[in-house]
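Structure record follows, encoded as structure tokens.
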Amino acid sequence: MSFDLEHLLVASVTATFTVAVLAAIISWSQRKSVPPQRILTVFFAAFALSEIDSFLAGLTRDMPQVIRDTSELASFVANFCLMPLILLYVRDLTDLRRHFEGGATPAWHFVLPGVTLVFSVIVMALPEATRGTWYTGTASEMPLPGLGFLHYGFSFLTGALLTQWAIYLVWITRLQARHIAQLKQHFASTDGLELRWIVVLAFALGSYVVQTVAGEILVLSGLQDPIGPLLDSFLVLIIVSSLALWSLRPSPELQHATESLGEVAEHQGKKYEKSALGADQSERIARKLLRAMQEDHLYRDPNLTLHSLSAHVGVSLNYVSQTLNENLGQSFFEFVNGWRVKEAIPLIEAGKTTVLAIAYEVGFNSRSSFYSAFKRSTGMTPTAYKTAQKASREYNA
């Protein structure tokens, strides 16, 4: 690696380590206000530890061997803790029931990190002269009996780490998708609540895994990977910086929404379990819901929730939700936004005001949410629809 690339690598690693340490300190200071923040604090501390070997190596080349070996193995162990910790953070952030029922963290999430820790302790117990030989060469070339086991163990754990990351990435994205589905059962506007940054984080982590695998393939093929370490370091810097930026920002809206949904989940139990709602009663409730939209124009309230709708029609929240899902075949989100789009269409066709003004008039609280709902309903954006209607009128004239 050239002089310039080496300096870039050191700068990137130093920045990553610094961001992780600062994020851990900030997260620790917020731990009492947001329960999942405690997990996030441990995650950032583990992230900093995962970079400690590269950080120390960038500081000096004359590091004592015992410190070098300890930092390398500590980083190795820390890498196995990152995905379980971020998964637990996302789970606690999105799991409604845990806000009220609590629950222990399954220990099996940390079996692999535990095995890696034992593995590392064994390596550190080796004589210093042979400690650096257990991962080089082949098992038959090991200078001491038993080093072959460590050699194969290291290869297995390296593969297990990449497999672990891939599995947990899929798991995290599924949690986020479930979170959005839950929001849409209770809120007509979900802007700022959907945790879209989790998908961005998952994509960045996935890119890191792909780059790591590609680098390992090049090394095993006997080829050099001059920019691989630098690319890895920049990806890691982007990941930890993005996570720090998005996760450490106060979000009272999300906290309030999660607490509200948690209260609902606490009383609902399993969905519609032992429900006494009959077909006739469901029809009556459906008529009440349609009347609330047609006559009372409740959808124009940008802060409308399932709770406020159920209070308006005088029906329990469970029965309203069940009627929407089973009788009308829609989530609360789809039901309300469908009425908003229905009112917006003639206003857009008239062309007397701006699209944004129409969006606010019918109950949307942002341009993006209006465009998404409108395109989902009509197949076109509001602007394209307005242009098409104008062209149609000119043609007919």
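Every read-out reported here was derived from the displayed coordinates using simple, explicitly stated rules and does not represent laboratory data. As the structure is a prediction and not an experimental result, all values here were calculated from the model. Using ideal geometry, Cβ is built from the backbone for each residue, glycine included, and neighbour counts are taken over all protein chains shown.
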Under the 7 Å Cα-to-Cβ spin-label approximation, Val199 and Asn303 lie apart by a distance in nanometres of 2.8 nm
In nm, give the distance between the simple-model label positions of Ala177 and Val115, each being 7 Å from the Cα along the Cα-to-Cβ direction.
2.8 nm
A correct fewest-to-most ranking of Thr381, Thr305 by other Cβ atoms within 10 Å would be Thr381, Thr305
Using the 10 angstrom Cβ neighbour count as an exposure proxy, how do Val236, Val315 rank, fewest first?
Val315, Val236
How big is the gap, in Å, between the Cα center of region 300-332 and the Cα center of region 350-369?
23 Å
For Ala107 and Phe154, what is the calculated FRET efficiency with R₀ set at 30 Å and r taken between the beta-carbons, to the nearest 0.05?
0.80
From the cross-link list Lys342/Lys390; Lys288/Lys342; Lys184/Lys390; Lys342/Lys386, which pairs have alpha carbons spaced over 25 Å apart?
Lys184/Lys390
What number comes out for the charge environment of Phe333, summing +1 per Lys or Arg and -1 per Asp or Glu over other residues with Cβ under 13 Å away?
0
Just grab the label-to-label distance for Gln281 and Thr354, each label 7 Å out from Cα along the Cβ direction, in nm (one decimal).
4.9 nm
Fewest first, what order do Lys352, Lys342 take by the number of other Cβ atoms within 10 Å?
Lys352, Lys342
FRET efficiency (Arg367, Asn327; Cβ distance; R0 41 Å; to 0.05) is 0.80
Charge dipole (debye, nearest 20) of region 282-396; +1 at Cβ of Lys and Arg, -1 at Cβ of Asp and Glu:
240 debye
Between His312, Gly379, Met293, whose Cα lies farthest towards the positive end of the dipole of region 282-396 when Lys and Arg beta carbons carry +1 and Asp and Glu beta carbons carry -1, centred on the Cα centre?
Gly379
